[in-house]
Amino acid sequence: MSFPDRPPPTPPVASEESLRSQASPAVAVLRELRALQGTGDEILEALGPRARVLQLEPGQFLLRRGEPNSCIYVVISGRLRVELDGGSSLLAQLGRGETVGELSLLTGSITTATVAAEERTQLLVLDEETFWWMVSSSHEFCVGLLVRSAERMRSNTDAVQANIALRRHFEQAALSDALTGLHNRRWLDQMLPRIVQRHLHSSEPLCVAIMDIDHFKRINDGFGHPAGDAVLTRVAQLVRDNLRPTDFAARMGGEEFALIFCQTARPGAVRAAERLREAIAGAPFDYQGRGLPQVTVSLGVAALERTSDPGQLLARADEVLYRAKEAGRNRTLWAGSDAVSLP
Ligand code: GH3
Ligand code: MG
Ligand code: MG
């Protein structure tokens, strides 16, 4: 069950009037509640008239996240649902003898979770004064309170950890390419400016290459789109195998990749690009046991200049890539000079 979209029209907490009309809970009932276990009958007898009984209907709210709370509630019967925010992440379900409200009461802060009844639920309500009276009267109550508070904190920490892991997972997914597992265009747009800044700041050389698979359309047309996908995946693997750990690779889209050679001047970047081009041109490609034509790539390399921004850097690499295509493909050219490698 999840919470209704809208709060119920009736106020979640019963009025004083109706509270008073409820009979005091019998000592026998109190004695069986986990929260009060071990507490002597004398204290339970004195507690009876001080405590109130509250009944919630299914879906009715007891506490709302962000609102103040000054009571501790013990479940007599029924079940409560504790969520971080209404309707989404279930934090806990509380049954007979379990308590809620102690953390906000102890810390004097707002409620950190939303609590509602999953079914018709009866609660023992200890207001602040009664709560502190119990603390000073019953050692067993204090010990139980400590244990339950520790459990509650542990479960909250677990939930926070799980949320952090989930967020990391989504952040990671948002920045990587689903097909190849390389970084994606969004990553490139976010990271390249930072990488450029870092290199400009430290006056270290940086090169960027754009690599494009030659006649990729022919693979799609001749062998089908899934075969094209298999080629993209294999090329990405060859990229990973042939780059240094300090370099970066991203799939910019389609059959186009950006390679970032950190702390590398143009001759080193061209050598790295050529090594990769040769590895691809020499690698066997197949799809479902069927051999595919030799795959080749063309690359355009551009070096960072003091005046260039990330956009210009990529544009210059793209420009030379275009020239490499025109010059016959399966080659690396660099910006600002003639071809440095013609196979
Ligand atoms: P060139 O040598 O000039 O680069 O020619 P090309 O055929 O490689 O380039 P073109 O731009 O004509 O074709 C690229 C093709 O890549 C067209 C597009 O349908 C295909 N493509 C883009 N993304 C994907 C993908 O994720 N998977 C597959 N299988 N094909 C894709
Ligand atoms: Mg292409
Ligand atoms: Mg292309």
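Suppose the filter is hydroxyl-bearing (Ser, Thr, Tyr) and open to solvent by less than 60 Å² (accessible area, probe 1.4 Å); does residue 246 pass it? Walk me through it before giving the result.
Numbers: hydroxyl-bearing (Ser, Thr, Tyr): yes; open to solvent by less than 60 Å² (accessible area, probe 1.4 Å): no.
Here the answer is no, as residue 246 does not meet what is asked.
So, residue 261, is that one of a type in the set (A, V, I, L, M, F, W, C), in contact with a strand residue (DSSP E or B) (Cβ under 6 Å, 6 or more places away or on another chain) and within 16 Å of ligand 3 (Cβ to nearest atom) or not?
On the way: of a type in the set (A, V, I, L, M, F, W, C): yes; in contact with a strand residue (DSSP E or B) (Cβ under 6 Å, 6 or more places away or on another chain): yes; within 16 Å of ligand 3 (Cβ to nearest atom): no.
Judged against the criteria, residue 261 is not a match.
Those residues that are open to solvent by 40 Å² or more (accessible area, probe 1.4 Å) and either at pLDDT 95 or above or under 17 Å from residue 28 (Cβ atoms) (or both), I need them from the range 56-89; list them, please.
Result: 57, 58, 77, 79.
Does residue 205 fit the bill of being open to solvent by less than 90 Å² (accessible area, probe 1.4 Å), in a helix (DSSP H, G or I) and in contact (Cβ under 8 Å) with a residue 40 or more places away in the chain? Explain how you work it out, then say what you get.
On the way: open to solvent by less than 90 Å² (accessible area, probe 1.4 Å): yes; in a helix (DSSP H, G or I): no; in contact (Cβ under 8 Å) with a residue 40 or more places away in the chain: yes.
Taking the combined requirement at face value, the residue does not satisfy it.
Can you give me the number of residues within the range 90-110 that are surrounded by fewer than 17 Cβ atoms within 10 Å (Cβ to Cβ) and under 28 Å from the mean Cα position of the chain (by Cα)?
So the answer is 4.
What number goes with the only condition from (1) within 14 Å of ligand 3 (Cβ to nearest atom); (2) surrounded by fewer than 15 Cβ atoms within 10 Å (Cβ to Cβ); (3) more than 23 Å from residue 300 (Cα to Cα) that residue 220 does not pass?
(2)
Mind checking whether some residue in the range 110-131 is among the aromatic types (Phe, Trp, Tyr), in the same structural domain as residue 30 (by TED's automatic domain parsing) and part of a helix (DSSP H, G or I)? Before you say what the answer is, go through the steps one by one.
If we filter the range 110-131 for residues that are among the aromatic types (Phe, Trp, Tyr), which is where we start, we get 131.
Those still in the list that are in the same structural domain as residue 30 (by TED's automatic domain parsing) too: 131.
Filter once more, so that each one left must be part of a helix (DSSP H, G or I): 131.
Within the range 110-131, one or more residues are among the aromatic types (Phe, Trp, Tyr), in the same structural domain as residue 30 (by TED's automatic domain parsing) and part of a helix (DSSP H, G or I).
Cβ-Cβ distance below 8 Å, separation of 6 or more or different chains: which pairs start in the range 58-71 with a residue that is in the same structural domain as residue 131 (by TED's automatic domain parsing) and end on one that is among the acidic types (Asp, Glu) and open to solvent by 40 Å² or more (accessible area, probe 1.4 Å)?
As it stands, the answer is 58/119; 65/85; 70/127; 70/128; 71/127; 71/128, since those pairs meet every condition given.
For the range 146-191, which positions are open to solvent by less than 60 Å² (accessible area, probe 1.4 Å) and within 16 Å of ligand 2 (Cβ to nearest atom)?
180, the sole residue that qualifies.
Please find, within the range 25-80, the residue that is nearest to the chain's Cα centre (by Cα) out of those that are assigned to a loop (DSSP other than H, G, I, E, B) and under 14 Å from residue 131 (Cα atoms). Before you say what the answer is, go through the steps one by one.
Restricting attention to the range 25-80, the residues satisfying the condition of being assigned to a loop (DSSP other than H, G, I, E, B) are 25-26, 33, 37-40, 51, 57-60, 64-70, 78-79.
Narrowing further to those that are under 14 Å from residue 131 (Cα atoms): 39, 51, 69-70.
Details: 39: 44, 51: 43, 69: 30, 70: 33 Å.
This residue is 69.
In this structure, does residue 149 turn out to be part of a helix (DSSP H, G or I), assigned by TED's automatic domain parsing to the domain that holds residue 37 and either of a type in the set (Phe, Trp, Tyr) or out of contact with any Pro (no Cβ under 7 Å at 6 or more places or on another chain) (or both)? Steps first, answer last, please.
On the way: part of a helix (DSSP H, G or I): yes; assigned by TED's automatic domain parsing to the domain that holds residue 37: yes; either of a type in the set (Phe, Trp, Tyr) or out of contact with any Pro (no Cβ under 7 Å at 6 or more places or on another chain) (or both): yes.
So residue 149 fits the description; yes.
Can we say residue 229 is surrounded by 13 or more Cβ atoms within 10 Å (Cβ to Cβ), in the same structural domain as residue 324 (by TED's automatic domain parsing), within 16 Å of ligand 3 (Cβ to nearest atom) and under 20 Å from residue 332 (Cβ atoms)? So that I can check it myself, show each step before the final result.
Details: surrounded by 13 or more Cβ atoms within 10 Å (Cβ to Cβ): yes; in the same structural domain as residue 324 (by TED's automatic domain parsing): yes; within 16 Å of ligand 3 (Cβ to nearest atom): yes; under 20 Å from residue 332 (Cβ atoms): no.
No, not satisfied.
Being touching a Lys or Arg at 6+ places or on another chain (Cβ under 9 Å) and assigned to a loop (DSSP other than H, G, I, E, B) narrows it down to one residue among 144, 97; which is it? Steps first, please.
On the way: 144 fails: assigned to a loop (DSSP other than H, G, I, E, B).
Just one listed residue meets the conditions, 97.
Just need a number here: residues in the range 328-338 that are over 12 Å from residue 214 (Cβ atoms) and open to solvent by 30 Å² or more (accessible area, probe 1.4 Å).
Residues of the range 328-338 over 12 Å from residue 214 (Cβ atoms): 332-338.
Add one more test, that the residue is open to solvent by 30 Å² or more (accessible area, probe 1.4 Å), and what stays is 334, 336-338.
Going through the range 328-338 one residue at a time, the tally reaches 4.
For residue 242, are the conditions met, namely being without any contact (Cβ under 8 Å) to a residue 60 or more places away in the chain, polar (S, T, N, Q) and within 16 Å of ligand 2 (Cβ to nearest atom)? Before the answer, list the steps.
Numbers: without any contact (Cβ under 8 Å) to a residue 60 or more places away in the chain: yes; polar (S, T, N, Q): yes; within 16 Å of ligand 2 (Cβ to nearest atom): no.
So residue 242 fails the test.
For the range 188-199, indicate whether the set of residues that are closer than 30 Å to residue 256 by Cα, modelled with pLDDT of 90 or more and under 16 Å from the mean Cα position of the chain (by Cα) is non-empty.
If we filter the range 188-199 for residues that are closer than 30 Å to residue 256 by Cα, which is where we start, we get 188-199.
Adding the requirement that they be modelled with pLDDT of 90 or more leaves 188-199.
Now drop any that are not under 16 Å from the mean Cα position of the chain (by Cα), which leaves none.
No: the range 188-199 contains no residue that is closer than 30 Å to residue 256 by Cα, modelled with pLDDT of 90 or more and under 16 Å from the mean Cα position of the chain (by Cα).
Looking at residue 282, is it at pLDDT 95 or above and open to solvent by 50 Å² or more (accessible area, probe 1.4 Å)? Lay out the reasoning, then the answer.
On the way: at pLDDT 95 or above: yes; open to solvent by 50 Å² or more (accessible area, probe 1.4 Å): yes.
It is true that residue 282 is at pLDDT 95 or above and open to solvent by 50 Å² or more (accessible area, probe 1.4 Å).
The values are calculated or read from the model by the stated rules, or taken from the named source; none is laboratory data. Just so you know, these numbers come straight off a predicted model, no measurement behind them. Every residue, glycine among them, receives a Cβ derived from its backbone with ideal geometry; neighbour counts consider all protein chains shown. Each accessible area value is taken on the protein alone, full model and side chains, heavy atoms only, with ligands, DNA and RNA left out. Shrake-Rupley method; radii C 1.70, N 1.55, O 1.52, S 1.80 Å.
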